[in-house]
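So the structure is just underneath, and the comments pick up after that.
Values in this text are rule-based calculations from the coordinates and carry no lab data. Computed from a predicted structure; not experimentally measured. Cβ coordinates were reconstructed from backbone atoms using ideal geometry, including for glycine residues, and neighbour counts include every protein chain displayed.
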Amino acid sequence: MLPDLTPVTDVLIWIVMGGFVAGIAVDRRDRTSARSITALAWLGFALFWLLMVPFFVFDHRSIVEAILASIAVPACIYVALRLHAGRDSLLTLSRAVGVMGLIYLPFGAIPIFHDTLIEIVANQTHAGLQLLGSTPAFETDDAGLRNTFAFTLDSGRRYSTRIVFACTGIGSMAIFGGLIAAVCAPIERRLAALALALSTIWILNVARNVFIAYSIGHQLFDQAALAGPVMWLFGVEDPIRVSFFVADRILSQGLAVVALLAIAWAVVKVLPELYVIVEDLAYLVTGEEYDLGGERA
């Protein structure tokens, strides 16, 4: 049994985001100090993702998230090193991460934000299920949140699935909110880019929830050819859960990466100032300098 690292990661992420915000504040007066503070924040971010890998592998059983977290560890360390070495353009990416934290963490920590967001998404997911002709019982969970869909399967077995914080899409919305807030651009175009990103993410996220819930409730992937490999891969014993893991952990999470890249492409078209961040990311991956904004022009 692995120890529960949640208390550690919950505190660590607040410290890390505090470091990013401190770097933003100090940058107004002292660029050298801002680089040092922000580089330390990136190292803390690397530690956070390292501690999250076991959670994604063993508890969440998410291949996509485990891979992304594993990649994030050396990536954050590399950003810290390049920033400390004087690549000041990475402060824009760092500002974006700091704003992401300011958006995301309050929704995770403040009950009225957390619970309201979950119930709004759950209600819209339930409406989507009804549009598909699916009528599960819409129930409250042990915490009193109306976020649970109880299906009666063809076998007569009752099976429930629920909307949790990770199902709200707030993480993806925070990413784009942070990126858009980090660059200097006219407010009109920043608001247009934000509206495009948030509305698209919200619609796609509700559609994803509907697809996952419908797949579970109607056992769309209850196939003998899938059951064995999926149960082995994710370490589950109940074949009823195969549809969940195929719909969520394989199809939805894989397609989510593609969708976020497509949304990023559309947002950059509206807000080309984001090219500075894209160029830095390309540099971090390839080690070569790019002038994507210039090429676009």
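Residues 231, 173, ranked from the fewest to the most other C-beta atoms within 10 Å, line up as 231, 173.
Computed from the C-beta positions of residue 258 and residue 142 and an R0 of 41 Å, the FRET efficiency is 0.70 to the nearest 0.05.
Extent of the range 1-112 along its three principal axes (Cα atoms, max minus min coordinate, largest first): 47, 34, 21 Å. Helical content of the chain, expressed as a calculated mean residue ellipticity at 222 nm, amounts to -22500 deg cm²/dmol (DSSP H runs of 4 or more residues, -39,500 (n - 2.57) each, divided by residue number, nearest 500). Here the simple spin-label model places points 7 Å from the Cα toward Cβ, and for residue 109 and residue 290 these points are separated by 3.4 nm. As a rough guide to protection, the peptides 91-99, 127-135 ranked by mean Cβ packing within 10 Å, highest first, stand as 91-99, 127-135.
Inter-label distance, residue 4 to residue 32: 4.7 nm, where each label sits 7 Å from its Cα along the C-beta direction.
Efficiency by 1/(1 + (r/R0)^6): what FRET value for residue 266 and residue 64, r their Cβ-Cβ distance, R0 = 25 Å, to the nearest 0.05?
0.70
Principal-axis analysis of the Cα atoms of the chain puts helix 224-234 at an angle of about 50° to the longest axis. Provide the FRET efficiency to the nearest 0.05 for the residue 15-residue 282 pair, computing r from the beta carbons and using R0 = 35 Å. Computed FRET efficiency for residue 15 and residue 282 comes out at 0.75.
Applying 0.36 nm per residue to the separation of residue 184 and residue 71 and subtracting their alpha-carbon distance, the gain on full extension is 37.8 nm. Could you please state, rounded to a whole Å, how far the C-alpha centre of the range 154-168 is from the C-alpha centre of the range 201-249? If you average the Cα positions of each part, the centres end up 11 Å apart. In the chain, one over the average inverse separation of all distinct C-alpha pairs is 20.9 Å, which is the Kirkwood hydrodynamic radius.
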